[in-house]
1. For the chain, what is the relative contact order in percent, using Cα pairs closer than 8 Å and at least 6 residues apart in sequence?
2. Report, in deg cm²/dmol and to the nearest 500, the calculated mean residue ellipticity at 222 nm for the chain, where each DSSP H run with n ≥ 4 adds -39500 (n - 2.57) and the sum is divided by the residue count.
3. Please find the FRET efficiency linking Trp167 to Leu443, where r is the Cβ-Cβ separation and R0 is fixed at 30 Å, and quote it to the nearest 0.05.
4. Are there any helices in the chain, counted as whole DSSP H runs, that stretch 20 Å or more along their axis by Cα and score at least 1.0 on average by Kyte-Doolittle, and if so which?
5. At 7 Å along the Cα-to-beta-carbon direction for both Thr202 and Val491, put a label point, then send me their distance in nm to one decimal.
6. For the stretch 58-77 and the stretch 197-242, what is the separation of their Cα centres, given in Å?
7. Could you give the accessible area per residue of the stretch 1-144, probe 1.4 Å, as a whole number in Å²?
8. Roughly how far apart, in whole Å, are the Cα centres of the stretch 4-54 and the stretch 436-488?
Amino acid sequence: MKLQGRYGMAVAIALLALSPNTVLTTAYSTLVPVVAADLHTSQLALQVAEGMSNAGLAAAAVVAAYLSQRFVQRYLFIGYELAFVLGSVLAAAAPGIELFFAGRVLQGVATGFMIVGALPVLVTRFGVGKLPLSVVVINVAIFGATTVGPLVAGPVAALGAWRLLFWLLAAVGALGLVAALLGYARFAPPDPGLRLAKLAVTLAAVATFLPFYATSVLMGTTFASAVFWVPFVVGLIGLVALIVIQYRAPDPTVPVKALSTQLPVTGTVVAMVGGAVFVAVLGLAQLFLSDVAGLGAVRAGSLFWPMPVGLVVAALIFGAIFRTRWLPVLVNAGLLALIAGAALLLWLDAADPAPIVLGASVLLGFGAGATVSPGLFLAAMGVPSSRLGRAFALVLLLRAESAYAVAPIVLYVAQSSPSLRGGIEVGLVAMICLAGLGLAAALAIPAVSGARLREPDLVAWLEEGRAALPTPTTAVHARPGRSDETAEPLVPRPRRRTPR
């Protein structure tokens with residue numbers, strides 16, 4: 001039976017390709033002491049390896065956006081999956097930090113490539129009827145698997161079995177490679193003559209590797225050190241330059257101009273804030289359990305078991321309402337859940353943290369599932385589906401920048417405080433404020449842009465090359481002299497009563 005191009009194979013490809021690295025991102029911090037002792041290296045070196053892996057994922061998504069337009073995706077994706085397997089084997093068998101570092105970075109780079117190679121295919125090639133299930137799968141694969149990381153990390157760290165974990169990741173990657181060989185369809189690239197925007201790729205690398213390096217070494221230095229602030233500032237300048245240059249480019253690698261209207265801006269803000277708050281709050285909770293409550297890795301990790309439950313609930317709701325007008329309401333509920341989860345953790349008791357952590361875990365899992373992937377799709381529905389891969393690349397880059405720049409800084413501030421518990425509480429309050437600002441933006445941006453809750457036209461999105469929803473000029477009503485025919489009035493007009 002021919003399996004190429006089958007929907008079930010596309011689902012398997014996405015899950016097997018993206019979930020392994022996603023789980024590892026939140027399991028990694030618990031494993032660092034064990035890996036450092038085994039490899040006879042410093043924990044700082046391992047933190048830098050993780051930072052470079054995350055940077056590689058974000059930068060690779062931008063490169064993959066170009067490659068997907070010019071070359072046959074099937075052959076590229078098989079290469080990406082093979083690279084992930086190789087990276088996992090290198091890390092698992094590493095006798096020292098050098099090969100482990102190379103393997104971990106290769107895992108991140110390969111996953112960044114596979115995100116752009118797997119998700120647009122799953123969304124665009126199987127019709128509107130499959131979209132609700134597809135978005136559930138993507139929610140689990142692209143960010144939801146982070147909720148499983150703490151559960152996996154505890155037993156692995158307690159047994160010292162980190163190499164076994166990496167061998168298992170290699171095995172899952174090998175299954176993904178088999179799935180790609182059997183099921184990834186061959187289809188012609190949309191723009192074989194597209195030229196490589198070398199400046200965009202260079203700036204994407206600068207905008208990811210430099211700030212991620214800076215935040216990775218922060219635990220070994222201070223904010224005042226040039227080792228931190230020089231790469232951090234140069235990286236942010238590179239990010240701004242990338243956005244400005246791509247906005248003005250006639251044929252951009254990432255469609256910044258198309259993503260600058262109301263709907264993509266709102267979705268991107270939600271994805272960035274949701275990812276940053278979740279990763280930071282989870283890190284603060286893990287820090288409390290290990291260093292304040294003194295729990296072992298297994299016990300601490302087991303307290304997060306409700307987090308995947310909350311994620312699955314959010315993912316199922318996402319799929320159920322995807323074809324309705326209520327998606328913006330879901331992302332607002334997700335931000336509220338993150339606020340509630342972080343606020344609940346302020347009441348943690350070192351003597352008995354379990355009840356609070358269990359309750360907060362449900363809220364954090366739901367918040368993660370209701371913000372990151374739904375925000376990504378809000379942004380994507382504001383552009384034609386033919387640009388989906390390139391839109392995903394930019395939003396993923398910005399989401400990674402926020403999550404993996406904010407969380408290390410928050411954790412550094414917490415650990416540098418005279419009182420660790422007080423520092424953790426300061427970090428939680430900061431994340432509550434950040435999520436609150438994100439919620440305010442998610443409500444205000446549509447309001448001042450004249451947006452209304454509407455049912456998306458998914459047929460036009462997938463088949464006619466149009467956006468799924470109207471997306472007015474961002475904040476058009478707050479910009480004197482600007483108008484947009486797709487924008488509704490700032491104050492809704494009262495409905496006229498029809499005479500009887």
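The values are calculated or read from the model by the stated rules, or taken from the named source; none is laboratory data. This one's a predicted model, so the numbers in the text were calculated from it and none came from an experiment. All Cβ positions, even for glycine, are placed from backbone atoms using ideal geometry, and neighbour counts span all protein chains on display. SASA here: full protein model, heavy atoms, side chains in, ligands and nucleic acids out. Shrake-Rupley method; radii C 1.70, N 1.55, O 1.52, S 1.80 Å.
1. 20
2. -24500 deg cm²/dmol, from helical runs alone.
3. Working: r = 47 Å, r/R0 = 1.57.
For Trp167 and Leu443, the calculated efficiency is 0.05.
4. Helices meeting the criterion: 7-39, 73-93, 97-124, 162-183, 198-216, 226-248, 262-287, 306-321, 327-345, 354-380, 388-416, 420-449.
5. It is 5.3 nm.
6. Using only Cα atoms to place each centre, the spacing works out to 24 Å.
7. Values: 4470 Å² over 144 residues.
Computed with neighbouring chains in place, this is 31 Å² per residue.
8. Using only Cα atoms to place each centre, the spacing works out to 36 Å.
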